[in-house]
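Read through the structure below, which is laid out as structure tokens, and then see the notes.
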Amino acid sequence: MPYPTRKQLLDWADGYVKYWNSGEREAWIANWKSVAPGDFAMLDPVGTPAKRGFENCAAGPYDLFQPSLTLYVDPSTRFVCANEVAWVMQNTFRKDGQVSVLKSIEVFRFGEDGSVEARTHYDVPEASDPAAGGLFQEYLPGRD
């Protein structure tokens, strides 16, 4: 199968944020599978051990982060070049009235075999961060 078209990637990008923020887990997963039904690999963030498989890279993190995280991508920071999508994501965490905003640079490379490789770049919140610290302690156990 050829890698996804520009239109398919733009539709996926729109759905990524839309379905996440609306809490539509099954639609968010179906959106992913529409462009990447194959293998999944992720460095999240770059410099941490690679994650593999859809559960470890997408479904599991959705379950952990979605209830307290909203996403926003400024359209001027979203780029689709051939089989890659890159954007600057604003990640807003909320917990017990506390708010933390984390920006990330995220790059997704879609393969002709239905695979995807995701690479993200961000500063991991400190454990003391009241809105995001505990989530990242669970997501990235054993980090310094």
Based only on other Cβ atoms within 10 Å, what is the fewest-to-most ordering of 89, 42? 89, 42
HN-Hα J couplings of the stretch 39-54 from phi, Karplus 6.51/-1.76/1.60, θ = phi - 60°, integer Hz, Gly and Pro as x? 5, 10, 9, 8, 10, 9, x, 3, x, 9, x, 5, 9, 9, x, 4
Within the stretch 42-144, which GluC sites (Glu not before Pro) sit in a loop by DSSP and count at most 14 neighbouring Cβ atoms inside 10 Å? 112, 126
Cα long-axis angle, helix 25-35 against the chain (0 to 90 degrees, to the nearest 10): 40
11 Å beta-carbon shell around residue 130, net charge (K/R +1, D/E -1): -1
Residue of 40, 79, 54 that the Gaussian network model of the chain assigns the largest fluctuation, springs spanning Cα pairs under 10 Å: 79
How much of the calculated P(r) for the chain lies past 27 Å, in percent of all Cα pairs? 17
Could you give the angle, 0 to 90 degrees to the nearest 10, between helix 6-22's Cα long axis and the longest principal axis of the Cα atoms of the chain? 30
List the trypsin sites (Lys or Arg not before Pro) within the stretch 39-144 that DSSP assigns to loop and that have no more than 15 neighbouring Cβ atoms inside 10 Å. 143
List the residues, sorted by chain then number, that are 5 or more residues from residue 38 or on another chain and whose placed amide H is less than 5 Å from its amide H. 115
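Only the coordinates and a few stated rules stand behind these numbers; no lab work does. All values derive from a computational prediction rather than experimental measurement. Every residue, glycine among them, receives a Cβ derived from its backbone with ideal geometry; neighbour counts consider all protein chains shown.
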